[in-house]
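Take a look at the structure set out below.
The values are calculated or read from the model by the stated rules, or taken from the named source; none is laboratory data. Note that the structure is predicted; figures quoted are calculated from it, not measured. When we count neighbours, we look across all protein chains shown, and the Cβ atoms used for this are built from the backbone with ideal geometry, even at glycine.
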Amino acid sequence: MELKNFIAGEWVESGLQAMPIINPATGEQLGTVPLSTKTEIDVAVQAAKEAQKSWALLPAPKRADYLYEIGFKMKEKKEHLAQVLTKEMGKVIEEARGEVQEGIDMALYMAGEGRRLFGETTPSELANKFAMSVRSPIGVVGLITPWNFPIAIATWKAFPAIVAGNTFVWKPSNETPMMAYELAKIFEEVGLPKGVANVVFGTGPTIGTAMIEHPDVRVISFTGSTATGSKVAELGGKHLKKISLEMGGKNAVIVMDDADIDLAVQGIVWSAFGTAGQRCTACSRIIVHRDVKEELEEKLLREMQAITIGDGLDSKVKVGPVINRQALEKINHYVQLGKQEGATLLTGGRILTDTPYDKGFYFEPTVFTNVQPDMIIAQEEIFGPVVSIIAIDSLEQAIEVNNGVRFGLSSSIFSRNVNTIFKAQQLLDTGIVYVNAGTTGAEIHLPFGGTKGTGNGHRDSGQAALDVYTEWKSIYVDYSGTLQRAQIDT
Ligand code: NAD
């Protein structure tokens, strides 16, 4: 399949070059993705700008009707979308279905916002005067998304943007363009007005930059690594853009001495090795009370024996491949570094090269123990199925270790003590905290995002997402028939 851009409701050939799309489970080529140029961004932004004028004037409940249709269409195609997602990205089919469901939920949730989009009314300080503030659309927004949640993250951004009256140009990751193509097809099938949604394929440095620099793109909503996000922020800052950043993580599960260890182990396996450790919220550190460390390690190793690795289309498989060869090499680099730093390799640590793994990109689920909090493997985002165990002696120490990284996305604590739990949720400095569950499992109607090196104060999902795609407009209506001066005539 040779993908084309989706601009102004048309499928447009583009790009002087094309890149292969590879199934990471098998190495098979699934198609090609065009590498577009700045010219295509200019055309797409113009189309979005033109469409936005009438889109913004359509009543929000009518805009929302399109979102309902998109959600229903996604539901109808759920299995197809999940299959394409697994083939293109590698996550196991059960998780792919979950990701598509997240997109459906987001469509229906944001469609509901079409009949809310609440503003505020407030008394004026003057008589015969009315004061209110409303959310206004901003204009054309640029979306830049990663490959690890190729459909869910796009919906977190695109759906609040359009229900609020914006139009968008979306640059998906080149690793997972087929999901963008599938979503664009749905936009076409439900008859979304031309130009409201535009998809342009290409590299970050070329078309991502072109989008950020374009004077008619007012908002950039980015999800990806902290290194790229900081470049986006720098360039966007120079052009005075509103920039929303969701970036990397180094998430930890804390296991206290009074925890249900069996439950903690299940939570760890799911959040450390699900999506082959390539979730932004993946657990990559286990901060465990010294008194239960040995028990936790034994039970973790036992549970891990049941993990089947392979092609995610096989429903028995629990851990699929990582995204590409570069990722395999990066993960391997960190594992070698961990050994050099003096951590003890408990299990795993190898690139799988035997049949049937030799054609794809598979890394063994890996556990290091006796890890010190300041080791590189405990500080940097590895983004693969590798987890580090760090021993602590108190809740205070656990919090210090948890917070002692540059990221702040997700954290979790296993304990049966209500005082410990409430103290922890207050002191953990992440944007998301789980109690007696792993570090993953966000629901779409709550804000999603992180602190410090993970974000810049904005949130995807929930009503909080609307803050990214709207400006507040304050409106004063004076019906006194006289000139009333605030602060002076009161
Ligand atoms: P990445 O930073 O390499 O790429 C993200 C997107 O940015 C891609 O579309 C890419 O083409 C584009 N890009 C690259 N260079 C660019 C540039 N100079 N200007 C503009 N755009 C550019 O990230 P990735 O490898 O695709 O995704 C994995 C990363 O995403 C991990 O760090 C993960 O933690 C993070 N992530 C964060 C969240 C979150 O919500 N916090 C969610 C998912 C993934």
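Here are the numbers for this structure:
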{"read-out": "Selection within region 259-292 - among the basic types (Lys, Arg), crowded, with 22+ Cβ neighbours inside 10 Å and outside any loop (DSSP other than H, G, I, E, B)", "value": "Arg285"}
{"read-out": "Whichever residue in region 360-375 is of a type in the set (A, V, I, L, M, F, W, C) and more than 16 Å from the ligand (Cβ to nearest atom) and, among such residues, is farthest from Gly274 (Cα to Cα)", "value": "Met375"}
{"read-out": "Output for region 247-272, where each listed residue is within 16 Å of the ligand (Cβ to nearest atom) and more than 17 Å from the chain's Cα centre (by Cα)", "value": "Ala252"}
{"read-out": "Filter pass, Phe222 being assigned to a strand (DSSP E or B) and near the ligand (Cβ under 7 Å from one of its atoms)", "value": "yes"}
{"read-out": "Count - residues of region 307-339 that are part of a helix (DSSP H, G or I) and more than 25 Å from Asp374 (Cα to Cα)", "value": "2"}
{"read-out": "Among the residues listed as Ala64, Ala8, Ala47, the single one being modelled with pLDDT of 95 or more, small (Gly, Ala, Ser) and farther than 25 Å from Asn174 by Cα", "value": "Ala64"}
{"read-out": "Per-region count, region 277-319, residues more than 16 Å from the ligand (Cβ to nearest atom), of a type in the set (Gly, Ala, Ser) and closer than 25 Å to Pro146 by Cβ", "value": "2"}
{"read-out": "Spans of strands (runs of 3 or more DSSP E) in region 98-177 with at least 3 residues within 16 Å of the ligand (Cβ to nearest atom) and either of a type in the set (Phe, Trp, Tyr) or in contact (Cβ under 8 Å) with a residue 60 or more places away in the chain (or both)", "value": "140-144, 167-171"}
{"read-out": "For Lys91: the one exception among (1) closer than 21 Å to Ala154 by Cβ; (2) of a type outside the set (A, V, I, L, M); (3) free of Cβ contacts under 8 Å to residues at least 24 places away in the same chain", "value": "(3)"}
{"read-out": "Residue in region 321-330 that is within 25 Å of Leu409 (Cβ to Cβ), under 24 Å from the mean Cα position of the chain (by Cα) and among the polar types (S, T, N, Q) present", "value": "yes"}
{"read-out": "Test set (1) away from the ligand (no atom under 16 Å from the Cβ); (2) of a type in the set (Lys, Arg); (3) buried (at least 19 other Cβ atoms within 10 Å of the Cβ); (4) assigned to a loop (DSSP other than H, G, I, E, B) - Lys91 fails condition number", "value": "(1)"}
